[in-house]
Amino acid sequence: MPTSLDKSLASADAHISDANEPKRSNGAAKEATQAYSKGEKTPLASHTNPKSKPGITFAAQDKLPQLPIPELESTCKKYLSALKPLQTIREHQHTEDAVLEFLRAEGPDLQDRLKKYATGKSSYIEQFWYDSYLNFDNPVVLNLNPFFLLEDDPTPARNNQVTRAVSLVVSALSFVRAVRKEELPPDTLRGQPLCMYQYSRLFGTARIPTENGCQIGQDPTAKHIVVLARGQFYWFDVLDDNSDLIMTEKDVALNLQVIVDDAVQTPIYEAAKGAVGVLSTENRKTWSGLRDVLSRDEGSNNSDCLNIVDSALFVLCLDYTEPTTGADLCMNMLCGSSEVEKGVQIGTCTNRWYDKMQIIVCKNGSAGINFEHTGVDGHTVLRFASDVYTDTILRFARSINGQAPSLWASSSPDPSKRDPSSFGDVSTTPHKLEWDMVPELSTALRFAETRLADLINQNEFQTLDFMQYGKNYMTSQGFSPDAFVQMAFQAAYYGLYGRVECVYEPAMTKLYHHGRTEAVRSVTTESVDFVTTFWGENPPAQKIELLKKACEKHTVITRDCAKAQGHDRHLYALFCVWQRSIDEEGTEAASSNGMDSNGYSSPQDGLSERDPSSAIDSPGRTSMLSEEGSVNAPSPTHGQSAHAMPTIFADSGWDKINNTILSTSNCGNPSLRQFGFGPTSGDGFGIGYIIKDGSVSICASSKHRQTK
């Protein structure tokens with residue numbers, strides 16, 4: 001069974017003590033990786049070097065600096081700056097008063113409590129961040145899980161489903177092996193090693209709903225994958241106990257072809273009735289109850305089936321459709337298609353399991369990744385996608401020239417030359433999971449599919465491949481490419497609606513131990529000056545001058561955020577500390593004050609949540625949202641009871657900054673064709689973008705606003 005990550009989070013914290021603090025710094029982290037040879041740090045560039053010694057992946061972990069808790073005054077100042085361009089003069093005056101009162105009254109005490117809470121922890125925000133995801137009750141599809149659409153395979157023979165899927169699986173397993181053997185070179189930023197903790201959370205993990213929120217379970221020794229075809233489930237082992245591959249590409253291809261052929265035997269109208277994966281798109285509490293139903297009967301297979309799916313390395317979804325347009329491909333990777341025939345859902349939305357990382361391959365070989373976002377950010381999954389894509393090309397190169405380099409420091413022994421008995425207790429034959437569909441489940445599945453189809457139909461997607469110019473031109477003109485594109489989004493929104501709204505972009509904070517992301521608030525006084533001037537009858541030189549100023553300001557804020565000196569995460573942590581104190585003291589006082597303490601338990605109202613996203617790369621997410629629209633926390637009165645909400649959080653500015661209208665994220669490289677996620681509010685847009693050397697790829701989603 002996958003075990004809860006709570007224990008491993010606690011054990012990770014146990015390694016941290018004040019005695020260890022002095023050795024944590026960027027310099028110490030850099031030194032830890034410098035001890036490895038060039039060949040170990042970049043096996044691809046030094047493919048003739050002897051095998052690297054294991055350990056480089058996490059070599060710098062114990063040396064990375066702790067995520068700093070910003071100064072309270074600095075955070076409040078940045079918070080006011082972020083709100084100023086979004087508020088009227090009167091609203092801003094109210095917020096300034098609320099912030100001053102917070103600094104005078106509860107603020108310093110909450111800051112002290114936060115520092116005390118953070119002592120001995122991996123990071124002051126980590127547990128709060130996990131909780132914000134795991135307490136989210138709405139469906140994860142479209143609300144939390146982002147997607148990547150990979151570029152088509154550049155090698156000629158891999159343009160059909162089975163060959164492409166095999167290639168991706170074999171490369172993915174080589175990546176799993178490199179992580180487990182600690183041979184994967186660490187991510188770096190200008191030579192500085194980044195935190196690699198998330199890679200240990202990428203495989204064999206599952207989001208598991210319970211009555212009291214979700215848990216993340218993990219089987220760190222997982223050896224099998226689960227394959228979905230036409231809503232039916234199959235599994236087979238792919239690794240031995242040593243994490244070496246036990247199947248050749250040919251073996252895996254044979255298995256996948258057998259699975260595809262078997263899945264076709266069941267008419268699609270029949271298969272739809274047992275497509276249990278649809279249940280993973282339900283509200284989390286509903287899904288938790290249905291999992292109980294699944295595993296209730298003593299003699300039922302269902303418990304074993306659930307366990308096999310939860311503990312798989314990842315899920316491979318083989319779709320029978322061939323989407324052709326960019327928008328349809330993106331939709332397929334994010335939420336699947338909804339197509340009802342003869343009253344039965346036969347779209348690809350039934351061929352998914354959203355509680356795990358999924359590699360999705362269409363009939364024509366188009367492929368993508370959809371991932372559960374709680375424990376990993378876009379930057380981490382991007383490295384996985386990039387290495388998998390690179391490896392497929394290099395393996396093709398080695399089929400032409402055996403001396404071509406490898407991405408991996410060492411490789412699995414050739415399975416075809418091994419004695420099968422050396423594989424250990426494994427099953428390489430595909431097995432079909434037979435679910436016992438009791439009437440209660442069949443009914444629940446039908447209702448879940450209805451809700452899912454509604455949810456899919458409430459959202460729309462559009463893509464743009466902007467080919468006129470890209471990163472090279474922007475930098476040649478003296479602009480930060482990310483800032484430049486961000487200003488384009490703000491200008492487009494202002495041109496459509498005549499106003500500025502809250503914009504969110506995540507910035508990666510992996511320079512720090514267990515760092516995740518910080519929220520960049522892209523709307524500034526400078527950006528408002530630019531967009532209003534841009535749409536006015538003004539000379540181009542003036543527009544460009546203001547664009548430069550707006551971009552420079554954006555760059556300054558982004559750099560601050562990358563150094564963990566933004567205001568969002570800090571204020572959210574203070575909010576959580578306050579809430580925790582309310583919970584600990586009993587909820588009677590809170591409820592008598594007209595507050596439901598649960599109203600504040602997740603980013604629904606508090607934080608840029610999808611966020612959980614990585615700036616340089618991940619879906620910027622923000623206030624969590626139901627299918628019907630945004631869920632806002634009740635605004636408590638300014639009562640002076642002991643449990644009165646701190647003024648900064650009771651003020652309307654807090655609601656304003658946490659209702660993201662443009663949720664944006666810059667994540668990608670040439671291995672990706674598109675990247676995206678759903679809108680985070682009922683009247684908002686979700687915008688994923690990839691800035692390439694000569695082009696910009698954008699995927700926008702909304703609930704049928706001006707997406708196109």
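The values are calculated or read from the model by the stated rules, or taken from the named source; none is laboratory data. All values reported here derive from a predicted model rather than from experimental measurement. With ideal geometry, Cβ positions are generated from the backbone for all residues, glycine too; neighbour counts draw on all protein chains shown. Please note that ligands, DNA and RNA were not included when accessible areas were found on the heavy atoms of the full protein model with its side chains. Shrake-Rupley method; radii C 1.70, N 1.55, O 1.52, S 1.80 Å.
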Fill in: Share of Cα-Cα pairs in the stretch 475-570 lying beyond 23 Å, as whole percent
28
Practice prompt. Tally up the carbon and sulfur contribution to the accessible surface of the chain as a whole percent, 1.4 Å probe, everything protein left in place.
Written response: 52
Item to complete: Taking H placed 1.01 Å from N in the peptide plane, check which residues at least 5 places from residue 684 or on another chain put their amide H under 5 Å from its amide H.
Response: 703
Worksheet entry | Charged-residue dipole, Cβ positions (Lys, Arg, Asp, Glu), the chain about Cα centre, Debye nearest 20 | 2060
Item to complete: Would you kindly state how much longer the chain becomes between residue 468 and residue 109 on full extension, computed as 0.36 nm times their sequence separation minus their alpha carbon distance, in nm to one decimal?
Response: 123.9 nm
Item to complete: Hand me the tally of lysine pairs in the stretch 138-459: alpha carbons under 27 angstrom apart, and the pair either on different chains or 8 or more positions apart.
Response: 23
Discussion item. Run the reach check for residue 708 against aspartates and glutamates, Cα to Cα strictly under 12 Å, same-chain hits fewer than 8 apart removed. What comes back?
Written reply: 460
Worksheet item: Between residue 340 and residues 5 or more places away or on another chain, which pairs have amide H atoms under 5 Å apart, with H built 1.01 Å from N, and which residues are they?
Response: 346
Item to complete: Report the paramagnetic label zone for residue 427: residues of the stretch 201-230 whose backbone N is under 14 Å from a point 7 Å from Cα along the Cα-to-Cβ axis.
Response: 223-227
Worksheet item: 222 nm [θ] for the chain, helices only, -39500 (n - 2.57) per DSSP H run of 4+, per residue, to 500?
Response: -12000 deg cm²/dmol
Practice prompt. Pull out the extension gain between residue 669 and residue 303, defined as 0.36 nm times the separation in residues minus the alpha carbon to alpha carbon distance; nm, one decimal.
Written response: 127.7 nm
Worksheet entry | Spin-label model distance (nm) - residue 92 vs residue 581, 7 Å beyond Cα toward Cβ | 3.1
Practice prompt. Along Cα→Cβ, 7 Å out, is where each label goes; now give me the distance between the ones at residue 683 and residue 322 in nm to one decimal.
Written response: 4.3
Practice prompt. At 7 Å along the Cα-to-beta-carbon direction for both residue 189 and residue 708, put a label point, then send me their distance in nm to one decimal.
Written response: 3.9
Practice prompt. Report the charge-dipole magnitude of the stretch 138-459 in Debye, nearest 20, computed about the Cα centre from +1 at each Lys and Arg Cβ and -1 at each Asp and Glu Cβ.
Written response: 560
Discussion item. Rounding to the nearest 10 and keeping the result within 0 to 90°, find how far the Cα-based axis of helix 5-14 lies from the longest principal axis of the chain.
Written reply: 70
Item to complete: Given a cut-off of 21 Å, name the pairs among 115/553; 471/548; 30/116; 30/510; 63/563 whose C-alpha atoms lie farther apart than that in the structure shown.
Response: 115/553; 30/116
Item to complete: State, as an integer percentage, the relative contact order of the stretch 138-459 based on alpha-carbon contacts under 8 Å between residues 6 or more apart.
Response: 31
Worksheet item: Charges only on Cβ, +1 for Lys and Arg, -1 for Asp and Glu: so what's the dipole of the stretch 379-536 about the Cα centre, in debye to the nearest 20?
Response: 460
Worksheet item: Helix 106-118 versus the longest principal axis of the chain: what is the Cα-based angle in degrees, 0 to 90, to the nearest 10?
Response: 30
Item to complete: Do me a favour and compute the ellipsoid semi-axes for the chain from its Cα gyration tensor, root of five times each eigenvalue, largest one first, whole Å.
Response: 39, 29, 27
Practice prompt. Keeping all protein chains in place, calculate the accessible area per residue for the stretch 138-459 (probe 1.4 angstrom), answer in Å².
Written response: 35
